[in-house]
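To start, the structure under review is shown below, and the notes come after it.
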Amino acid sequence: MLLSQSVHAQQDNDSFKNLPDKPWALDVNAVPWLPFSEDWSSGLFETNLWDTNESSNWRIAGQVGSPAPAAEFYSIPAVGNYQEALTSNWLSGRDLIDGNIYLSFDLKHSLVNVTGTEFLKVQICSDTIWNTVSYFSNISDFDWISQKLNLTEFAKGSIFKVRFMAEGVNSADINNWLIDNILISRECLPPLNLTGSVNFPNIYEVLLSWEAPGTAHSDWIQWDNGINNDAIGLTGGGTFSVASRFTSGQLIEYAGSNLTRIKMFPYGPNGTIVLKVWQGANAEQLLLSQPVESYIAGEWNEFTLNTPVPVSGTTELWFGYTITHNATDYVAGCDVGPAIAGFGDMISLDGTVWESMSNAYGLNYNWNLHGLIESQDGSKTTQLILMNTTEENFQKHGKPRAGNLPLLPGRFSNEHKVNGNRELLRYDIYDCYYNEPVFIGSTTETSYVFEAEDHIYGFFHVVSAVYTDCVAFSNDMSLFFPKADKKENNLLVFPVPADNEISIRIPTTLSSLEIFNFSNISILKMNTLSLGETLINVSLMQNGLYFIRGITTEGTVYKGKFVVSH
């Protein structure tokens with residue numbers, strides 16, 4: 001696949017195309033605010049003031065894209081020792097207090113010869129200096145991939161540009177670079193893991209709970225399918241290294257976290273294993289080397305790293321191990337494939353030169369390797385929706401719709417813009433069951449209780465974290481909720497809540513009675529119940545709300561509900 005390297009603050013002083021001597025002298029009021037997006041649908045670079053410096057190789061490709069059209073650096077006319085840039089207009093990251101600024105885009109690459117000397121660099125200009133934040137080279141073809149890069153250090157508080165710099169030795173060694181769906185936006189940390197439940201024993205109240213932005217999280221990252229299929233080794237025995245590779249774009253959501261554990265599947269029993277973690281392109285910098293004293297062959301082994309390895313989100317991270325084995329005992333476990341080439345199948349025979357095992361040796365597998373990423377500061381920022389809190393943005397975006405909340409108008413005023421400090425002010429709760437979100441209330445806690453309306457069967461909620469100058473929304477949460485029973489045709493059930501058994505007072509003979517759990521799944525059915533009381537054992541039922549439906553021979557339906565609380 002691709003080789004992607006995010007280089008922290010790498011300065012390219014060899015080219016200052018399209019840079020004024022004093023960018024701070026611009027009319028900053030005329031510089032567009034974020035977010036900025038580009039999908040090339042106009043068919044012209046000039047629409048959003050992109051500059052190619054009259055390059056003959058940059059063009060709009062009308063027949064390809066994600067979807068079409070896309071911006072393309074095309075190899076023809078062939079050029080050598082070239083630098084050809086597609087450069088944005090000035091954008092403003094000024095006066096932003098909270099959140100981070102990200103660049104996301106889709107990229108596709110088609111090559112002619114594998115040389116590793118043709119590059120696409122992603123760069124940002126701040127204070128007249130172009131800084132490379134990521135680059136890709138022609139080591140293999142790859143289809144459309146999505147990238148997300150953190151520009152905060154260079155963009156926040158500044159007027160800035162971004163550019164895609166195609167450069168190399170001979171453009172004839174590639175076919176093209178394709179770029180689509182560019183988005184530059186500011187994002188803030190959202191509330192996490194929103195859940196909802198009935199507020200027992202008050203069965204007509206809803207309890208929403210969530211985690212605060214910044215709550216620690218952990219994720220195992222891997223390329224294999226989790227099942228060992230075979231093992232790889234050297235024909236005559238010896239030493240080699242294996243690794244799983246993750247680019248900065250793949251790790252951006254974990255920036256500020258740590259790699260703390262490694263899981264692997266050693267197939268053979270007699271190997272000598274040293275766990276290793278590297279960073280940078282081609283695993284250029286060894287960060288950790290930890291010998292494994294013992295392991296159990298033929299199963300997953302999990303090891304805690306002696307020193308957690310920081311995940312910066314600005315450079316590649318590789319983790320794996322070096323294995324020494326004899327000629328008959330292969331140790332390096334792998335899945336059945338196919339390989340995620342260039343990521344899940346990296347191998348080095350000398351500890352220096354790394355290759356894709358499938359590309360170099362035709363072994364189409366991934367190493368059985370998992371890494372645990374643990375966040376201490378809640379830097380994982382998935383499911384974010386950004387909005388500015390200016391009245392201008394309210395007018396621009398209009399009213400939101402359920403399931404798509406670019407902006408919630410009318411919930412902000414100058415009183416919330418205090419002192420210019422980074423600050424989480426409160427949480428706002430919205431009911432999104434109807435066409436427009438309905439504001440329910442605010443809290444500074446991480447839970448909220450409210451009474452459900454009788455007519456609601458199911459609904460959707462979101463919770464927003466309100467900062468000084470931006471808002472971030474949680475994932476939405478759907479919840480089925482019972483409709484209030486009418487007084488007629490009700491079954492009397494007691495006690496509520498129940499621990500061991502319930503008594504159901506049946507007003508007439510029933511042909512059947514059925515009990516459903518909160519997910520509307522039938523868990524008990526009884527036939528032909530006579531007038532009077534019926535006892536049902538609930539000691540083995542899980543805590544929660546249950547519904548009863550009884551039907552007479554004439555088809556009359558009786559309903560009831562009860563709560564189990566052990």
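The criterion of at least 1 residues that are among the β-branched types (Val, Ile, Thr) is met by the following strands (runs of 3 or more DSSP E) wholly inside the range 271-341: 272-279, 301-311, 317-325. Restricting attention to strands (runs of 3 or more DSSP E) lying wholly within the range 204-270, give those where 2 or more residues are hydroxyl-bearing (Ser, Thr, Tyr). Fully inside the range 204-270 and qualifying: 238-246, 257-264.
Here is a yes/no grid of residues against (1) crowded, with 22+ Cβ neighbours inside 10 Å; (2) in contact with a Leu (Cβ under 6 Å, 6 or more places away or on another chain); (3) closer than 27 Å to GLY313 by Cβ; (4) of a type in the set (Val, Ile, Thr):
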site: VAL331; (1), (2), (3), (4): yes, no, no, yes
site: ALA339; (1), (2), (3), (4): yes, no, yes, no
site: SER348; (1), (2), (3), (4): no, no, yes, no
site: TRP367; (1), (2), (3), (4): yes, no, yes, no
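Being at pLDDT below 85, hydroxyl-bearing (Ser, Thr, Tyr) and farther than 12 Å from THR446 by Cα is not true of SER185. Of all the residues in the range 40-52, those that are part of a loop (DSSP other than H, G, I, E, B) and surrounded by fewer than 17 Cβ atoms within 10 Å (Cβ to Cβ) number 5. The one condition from (1) out of contact with any Phe, Trp or Tyr (no Cβ under 8 Å at 6 or more places or on another chain); (2) under 20 Å from LEU492 (Cβ atoms) that LEU540 does not meet is (2).
Filtering the range 501-522 to residues that are surrounded by 12 or more Cβ atoms within 10 Å (Cβ to Cβ) and closer than 18 Å to GLN542 by Cα leaves ILE502, SER503, GLU514, ILE515, PHE516, ASN517, PHE518. Taking the range 508-528 as the range and being farther than 15 Å from LEU491 by Cα and not hydrophobic (A, V, I, L, M, F, W, C) as the test, the residues that pass are ASN517, SER519, ASN520, SER522, LYS525, ASN527, THR528.
The residues of the range 520-539 that are of a type outside the set (A, V, I, L, M) and either in a strand (DSSP E or B) or closer than 23 Å to ASP499 by Cβ (or both), listed by number, are SER522, LYS525, ASN527, THR528, GLY532, GLU533, THR534, ASN537, SER539.
Per-residue answers, yes or no, for (1) of a type in the set (D, E, K, R); (2) surrounded by fewer than 19 Cβ atoms within 10 Å (Cβ to Cβ); (3) in the same structural domain as TRP40 (by TED's automatic domain parsing); (4) under 26 Å from THR247 (Cβ atoms):
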| residue | (1), (2), (3), (4) |
| --- | --- |
| GLU54 | yes, yes, yes, no |
| GLY62 | no, yes, yes, no |
| GLY65 | no, no, yes, yes |
| ALA71 | no, no, yes, yes |
| GLN83 | no, yes, yes, yes |
| LEU86 | no, no, yes, yes |
| LEU107 | no, no, yes, yes |
| GLY116 | no, yes, yes, yes |
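Give me a count of the residues in the range 502-522 that are aliphatic (A, V, I, L, M) and over 48 Å from the mean Cα position of the chain (by Cα). First the steps, then the outcome.
The initial filter retains those residues of the range 502-522 that are aliphatic (A, V, I, L, M), namely 502, 504, 506, 510, 513, 515, 521.
With the extra rule that they be over 48 Å from the mean Cα position of the chain (by Cα), the set shrinks to 504, 506, 510.
The qualifying residues number 3.
When the range 236-264 is limited to residues that are farther than 22 Å from GLY226 by Cα and crowded, with 22+ Cβ neighbours inside 10 Å, the one that is nearest to the chain's Cα centre (by Cα) turns out to be ILE252. Quick one: is VAL122 at pLDDT 90 or above and closer than 30 Å to SER358 by Cα? In short, yes. Applying the condition of being modelled with pLDDT of 85 or more and out of contact with any Phe, Trp or Tyr (no Cβ under 7 Å at 6 or more places or on another chain) to the range 138-154 and asking which residue is surrounded by the fewest Cβ atoms within 10 Å (Cβ to Cβ) yields ASP143.
The values are calculated or read from the model by the stated rules, or taken from the named source; none is laboratory data. Note that the structure is a prediction, hence the values are computed from the model and not measured. Glycine also receives a Cβ, built like all others from the backbone with ideal geometry; neighbour counts cover every protein chain displayed.
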